[in-house]
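Student: The structure is given below, and queries will be raised subsequently.
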Amino acid sequence: MQSIRILSLALVPALALAAPAFAQSGDGDSASGKRIAVVGGIAHLEPSSDAADGLQVDGGPAPTLSVSWYATDNFAVELWGAADTFDHRVRADGLGKIGTVQQQPVALSAQWHFGQADSVFRPFVGLGYHESNFSHEDIAGLDGHAGLETAKGAIGTVGMDFNITPTWFARTDVRYLHSRPELRVAGSGTGQELDLDPWTVGVGLGARF
């Protein structure tokens, strides 16, 4: 997938900037015991192929930011979200593009990081709760302004941290958001939910303190 290749290439400059920090780390320095981690990155969000009968919502990229608190070297609580909106194109069968919508999710998850804090490769899994706010809905062909309720549901995460130094690390992750917002027209609910259920694929650069 082209978007995944673009995300991977986006991580290269970040790794180049972080590499000099490796030589500066002290002999006794360790990632163990550091309780706060901050990660900045970019993610591509891709909704399910059919949001409704004959209706598709395309994916898009956005910058992301997360802050984690480590209760232990293995257990963490992460606050993750999009630093800007994901922009989506809405398409209908036989009509092509009929509109656009913007989405901005935020999530709180509990995570388990496997292995030792100083291991080069540290896989992790997470489970939590997210809310996604939708804005700037512009969809043609409806009698009245179309809007989407805030989506709420579970979020699952699988990822890998690559330790560069005891402070710096690179991250790649995949997230699934259970997201089925109700479609509203002219301020009233329609009872129709859009099965968005998006996946995100992200890369980032993090620091722990």
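Bear in mind these aren't lab numbers, they're just calculated from the coordinates by the rules spelled out. This is a predicted model, so every value here is computed, not measured. We place every Cβ from the backbone using ideal geometry, glycine too, and count neighbours over all the protein chains shown.
Student: What is the spin-label model distance, in nm, from residue 185 to residue 129 if the labels are put 7 Å beyond Cα along the C-beta direction?
Tutor: Those two pseudo-labels are separated by 3.3 nm.
Student: Relative to the present Cα-Cα distance, how much length would full extension add between residue 118 and residue 50 at 0.36 nm per residue of separation? Numbers along the way, then the final one.
Tutor: On the way: separation 68, 0.36 × 68 = 24.48 nm, distance 4.26 nm.
That works out to 20.2 nm of additional length.
Student: Here's a follow-up. State to the nearest 20 debye the size of the charge dipole of segment 36-208 about its Cα centre, where the only charges are +1 on K and R beta carbons and -1 on D and E beta carbons.
Tutor: Values: 10 positive and 21 negative charges, 98 e Å.
With only Lys, Arg, Asp and Glu charged at Cβ, the dipole is about 480 debye.
Student: Taking the Cβ of each residue in 152, 97 as the centre, tally the other Cβ atoms inside 10 Å and list the residues starting with the fewest.
Tutor: Working: 152 14, 97 11.
Arranged by neighbour count, lowest to highest, 152, 97 become 97, 152.
Student: Here is a further query. Run through all the Cα pairs of segment 36-208 and give the fraction in each 5 Å bin from 0, expressed as whole percent.
Tutor: For segment 36-208, the pair-distance distribution reads 2, 9, 17, 21, 16, 12, 9, 7, 5, 3, 1, 0.
Student: To continue, here is another question. Which of the chymotrypsin sites (Phe, Trp or Tyr not before Pro) found in segment 69-137 are in a DSSP loop and have at most 15 neighbouring Cβ atoms, other than their own, within 10 Å? Don't skip to the answer; put the middle values down first.
Tutor: Numbers: sites: 69, 70, 75, 80, 86, 112, 114, 121, 124, 129, 134; in loops: 114.
Those that pass, being in a loop and sparsely packed, are 114.
Student: Work out the charge dipole of segment 36-208 with +1 on the Cβ of Lys and Arg and -1 on the Cβ of Asp and Glu about the Cα centre, then indicate which of 139, 79, 49 is farthest towards its positive end.
Tutor: Of 139, 79, 49, it is 79.
Student: On average over all directions, what projected area in square nanometres does segment 37-104 have, based on the convex hull of its Cα atoms? Don't skip to the end; give the middle numbers.
Tutor: Details: hull surface 21.9 nm².
For segment 37-104, averaging the hull's shadow over all directions gives 5.5 nm².
Student: Please sort by residue number the GluC sites (Glu not before Pro) in segment 102-209 whose DSSP state is loop and whose Cβ has at most 10 other Cβ atoms within 10 Å. It would help to have the intermediate numbers written out before the result.
Tutor: Details: sites: 131, 137, 149, 182, 193; in loops: 149.
Passing sites in segment 102-209 do not exist.
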